[in-house]
Amino acid sequence: MKKAFVLAAIHFSLAANLVQAADEALPPLPTPVSNNAVAMVRINGHTLIYSMMGLGAQKTWNAVTNDANALNLKFAKWTAVRAVPGLGRLGAVAASARQQILLFGGFVPAQNGMEVIVPDVSIYDPTALRWYRGPDLPTPVRDAVAGVYRDRFIYLIGGLSDRGPTNQVQMYDAEAQRWLAATAFPGPAVFGHAGAVVGDTIVYADGARKNPVEKSVPYIPSDDCWLGKIDHRDPKKIEWTRISPHPGTGRYRVAAGGSDRDAKVYFAGGSATIYDYNGIGVDGKPAEPSPEVFAWNLKNRQWELMGEDPSPTMDHRGLMVTSEGLVSVGGMGKGQAIVGVVTVLPKRK
């Protein structure tokens with residue numbers, strides 16, 4: 001009975017009218033947080049948006065949290081759910097499949113400036129209100145892109161491993177609960193890129209790649225954009241094709257999400273600077289967010305400019321796409337300030 005009450009308390013329906021809520025300003029997170037993993041899951045006709053872990057306002061190694069919260073738009077209220085097991089981490093990515101939320105990888109920063117990239121796969125069951133451990137990542141990564149195919153296969157694309165950026169595509173079968181190797185992408189290995197799976201197509205853009213010239217600045221922005229067609233008969237096989245760069249410059253930690261209904265992958269914010277978790281670039285200069293919002297249209301295979309966000313943010317791990325708008329949660333705003341805002345952007349110009 002208690003579980004049913006708690007679950008009902010954090011459920012909301014898209015009928016809650018997201019557009020109206022956006023005009024009235026959605027309630028902020030209980031505590032401002034950036035680099036938080038986000039996911040949206042639908043259960044019994046209801047939709048829940050989760051924010052998990054991330055970096056607190058102090059932007060220090062010990063300001064990382066493992067808190068998890070769910071947003072109830074119908075009641076304009078955040079509800080705390082059970083914290084993610086273990087230490088808080090950054091650079092993790094989340095996806096929802098089979099009415100569960102799967103949280104992959106990430107890193108734990110240390111006081112001495114080092115970091116530990118973890119193989120953890122944490123799975124949350126919103127109905128049972130509990131976490132359990134999934135099989136570890138074959139190659140632990142942070143700042144990867146995650147996308148879901150057929151509500152079963154989760155693709156973890158690229159990311160930063162202990163050996164540097166990777167172009168591996170790790171595929172998790174949520175039904176068989178096992179990892180498989182999918183076709184690696186042929187472009188430069190990247191991390192901090194952004195993208196999604198729409199239908200049988202993977203789209204990703206940008207990120208950070210190794211600097212081939214200046215060793216004192218180890219990573220530079222990538223403006224590479226790729227499309228991967230998933231083989232219907234063998235989901236491990238992906239046919240990769242380079243697509244044209246999107247409008248503007250390459251960016252790092254953009255918020256991205258896909259919509260099967262719209263046949264589009266949406267992108268918002270991010271920064272043209274590759275930065276550490278405190279918002280300071282690897283070149284020593286502060287990073288600032290980009291206001292541009294754009295999308296890749298799978299129908300006409302073109303980029304579309306969607307306008308600008310008047311209060312841009314960066315340092316995102318995902319973007320929720322609903323029929324009423326694009327939802328981002330938290331992030332890092334101007335002046336590298338950690339924010340707790342929940343922003344809804346229109347999907348049309």
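Screening Thr241 on (1) in contact (Cβ under 8 Å) with a residue 60 or more places away in the chain; (2) surrounded by fewer than 16 Cβ atoms within 10 Å (Cβ to Cβ); (3) hydroxyl-bearing (Ser, Thr, Tyr) shows it passes everything except condition (1). Of everything listed in (1) under 18 Å from Val342 (Cα atoms); (2) among the β-branched types (Val, Ile, Thr); (3) modelled with pLDDT of 95 or more; (4) surrounded by 19 or more Cβ atoms within 10 Å (Cβ to Cβ), the single unmet condition for Thr31 is (4). As a summary of the residue check, Ala208 satisfies the conditions (1) surrounded by fewer than 17 Cβ atoms within 10 Å (Cβ to Cβ); (2) touching a residue at least 12 places away in the same chain (Cβ under 8 Å); (3) closer than 22 Å to Pro165 by Cα except for the one numbered (1). Residues of region 116-130 that are crowded, with 20+ Cβ neighbours inside 10 Å and either touching a Lys or Arg at 6+ places or on another chain (Cβ under 9 Å) or within 25 Å of Ala181 (Cα to Cα) (or both): Ile117, Val118, Asp120, Val121, Ser122, Tyr124. Across region 259-289, the number of residues qualifying as within 19 Å of Pro221 (Cβ to Cβ), surrounded by fewer than 24 Cβ atoms within 10 Å (Cβ to Cβ), small (Gly, Ala, Ser) and within 17 Å of the chain's Cα centre (by Cα) comes to 0. For region 281-307, the set of residues classified as part of a strand (DSSP E or B), touching a Leu at 6+ places or on another chain (Cβ under 9 Å) and within 15 Å of Cys225 (Cβ to Cβ) consists of Glu292, Phe294, Ala295, Trp296, listed by residue number. Within region 161-183, being within 22 Å of Ser51 (Cα to Cα) and of a type outside the set (Gly, Ala, Ser) holds for one residue alone: Tyr172.
Kindly provide the set of residues from region 87-109 that are under 20 Å from Ile338 (Cβ atoms) and either among the small types (Gly, Ala, Ser) or surrounded by fewer than 19 Cβ atoms within 10 Å (Cβ to Cβ) (or both), ordered by number.
So in region 87-109, the residues under 20 Å from Ile338 (Cβ atoms) come out as 87-94, 106-109.
Across region 87-109, the qualifying residues are Leu87, Gly88, Gly91, Ala92, Ala94, Gly106.
Taking the numbered list (1) farther than 16 Å from Trp179 by Cα; (2) more than 16 Å from the chain's Cα centre (by Cα); (3) in contact (Cβ under 8 Å) with a residue 40 or more places away in the chain in turn, Asp143 passes all entries but (2). Against the test of being within 29 Å of Ile123 (Cα to Cα), outside any loop (DSSP other than H, G, I, E, B), over 20 Å from the mean Cα position of the chain (by Cα) and in contact (Cβ under 8 Å) with a residue 40 or more places away in the chain, the options Ala181, Ala256 yield a single qualifying residue, Ala181. Look at Ile123 and say whether it is without any contact (Cβ under 8 Å) to a residue 40 or more places away in the chain, in contact with a Phe, Trp or Tyr (Cβ under 6 Å, 6 or more places away or on another chain) and of a type in the set (A, V, I, L, M, F, W, C). For Ile123, the condition - without any contact (Cβ under 8 Å) to a residue 40 or more places away in the chain, in contact with a Phe, Trp or Tyr (Cβ under 6 Å, 6 or more places away or on another chain) and of a type in the set (A, V, I, L, M, F, W, C) - is met. For Pro119, the requirement of being in contact with a strand residue (DSSP E or B) (Cβ under 7 Å, 6 or more places away or on another chain) and either farther than 30 Å from His46 by Cβ or not aromatic (Phe, Trp, Tyr) (or both) is not met.
Annotation: of all residues in region 309-341 being under 17 Å from the mean Cα position of the chain (by Cα), closer than 20 Å to Ala272 by Cβ and of a type in the set (S, T, N, Q), the one that is surrounded by the fewest Cβ atoms within 10 Å (Cβ to Cβ) is Ser328.
Would you call Ile220 surrounded by 16 or more Cβ atoms within 10 Å (Cβ to Cβ), over 19 Å from the mean Cα position of the chain (by Cα), more than 22 Å from Gly91 (Cα to Cα) and among the hydrophobic types (A, V, I, L, M, F, W, C)? Steps first, please.
On the way: surrounded by 16 or more Cβ atoms within 10 Å (Cβ to Cβ): yes; over 19 Å from the mean Cα position of the chain (by Cα): yes; more than 22 Å from Gly91 (Cα to Cα): no; among the hydrophobic types (A, V, I, L, M, F, W, C): yes.
For Ile220, the condition - surrounded by 16 or more Cβ atoms within 10 Å (Cβ to Cβ), over 19 Å from the mean Cα position of the chain (by Cα), more than 22 Å from Gly91 (Cα to Cα) and among the hydrophobic types (A, V, I, L, M, F, W, C) - is not met.
Checked against the criterion of being among the β-branched types (Val, Ile, Thr) and either modelled with pLDDT under 95 or part of a loop (DSSP other than H, G, I, E, B) (or both), the candidates Val213, Val203 yield just one match: Val213.
Yes/no matrix, rows are residues, columns are (1) touching a helix residue (DSSP H, G or I) at 6+ places or on another chain (Cβ under 9 Å); (2) of a type in the set (Phe, Trp, Tyr); (3) farther than 30 Å from Ala337 by Cα:
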| position | (1), (2), (3) |
| --- | --- |
| Leu180 | no, no, yes |
| Phe191 | no, yes, no |
| Val203 | no, no, no |
| Asn211 | no, no, no |
| Ser216 | no, no, no |
| Asp231 | no, no, yes |
| Gly257 | no, no, no |
| Ser271 | no, no, no |
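Looking only at residues of region 34-78 that are loosely packed, with under 15 Cβ neighbours inside 10 Å and among the polar types (S, T, N, Q), we find that the one that is farthest from the chain's Cα centre (by Cα) is Asn44.
The values are calculated or read from the model by the stated rules, or taken from the named source; none is laboratory data. In this text the structure is predicted, and so the values were computed from the model without any measurement. Quick reminder, even Gly has a Cβ in these numbers, built from the backbone with ideal geometry, and neighbours come from all protein chains shown.
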